[in-house]
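The values are calculated or read from the model by the stated rules, or taken from the named source; none is laboratory data. This one's a predicted model, so the numbers in the text were calculated from it and none came from an experiment. Heads up, the Cβs are rebuilt from the backbone with ideal geometry, glycines too, and the neighbour counts pull from every protein chain shown.
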């Protein structure tokens, strides 16, 4: 995957929800998985997503109506519907109010490919290259250079650095960085972020760019 992305999975069948989450995480996506529309509503309110996967029929009702209401309110998150309904009218309705439609049963490889395609639509609207002083992030090629020297970063290091550079000169909170680069499996108060920041600082070399903002998070300066 070229750009680190975050996906919301809304599926009431626990076994399928776990299978979907596992397959997407295995492909490099950060995944939040919930089982009903109220939980989906909360997740969409708190986090930003590059794509959402909705089971068509959920305990609280038809997710198509929910997505239609979200779109009317201004949401632009691409949506993939999962459903056992394979009639032409159902497919048309799903494509009219969502962005893609996958009929059960399906191959996980196909689902991952479709989610990746939807996420690329989002990333295509981003600047191709982010710059901060002598640091350059090529989002399309997933490459980072400092002073022209190519750096080797992990996917999560890339995601954290991308968010810091997008907000350069401003503090980015610990929770915002965790939400951007990890999923709900990671607790906001774990030490994974300080460890990763330390790794990033070593890879970026001198002079230092990433600064700790006490009681808040981190900031990157040119």
**Prompt:** Given segment 1-87, what helices (runs of 4 or more DSSP H) lie entirely inside it while holding 1 or more residues that are under 23 Å from residue 159 (Cα atoms) and at pLDDT below 90?
**Reply:** 14-26, 37-46
**Fill in**
A careful count of residues in segment 147-175 that are surrounded by 17 or more Cβ atoms within 10 Å (Cβ to Cβ) and under 15 Å from the mean Cα position of the chain (by Cα) gives 8
**Message:** Please pick out the residue among 27, 52, 33 that is in contact (Cβ under 8 Å) with a residue 40 or more places away in the chain, surrounded by fewer than 22 Cβ atoms within 10 Å (Cβ to Cβ), under 17 Å from residue 102 (Cβ atoms) and touching a helix residue (DSSP H, G or I) at 6+ places or on another chain (Cβ under 8 Å).
**Reply:** 27
**Residue that is modelled with the lowest pLDDT, among those in segment 88-108 that are part of a helix (DSSP H, G or I) and surrounded by 11 or more Cβ atoms within 10 Å (Cβ to Cβ)** = 94
**Item:** Elements of type strands (runs of 3 or more DSSP E) contained in segment 139-222, each with 2 or more residues being touching a residue at least 40 places away in the same chain (Cβ under 8 Å)
**Value:** 210-213, 217-220
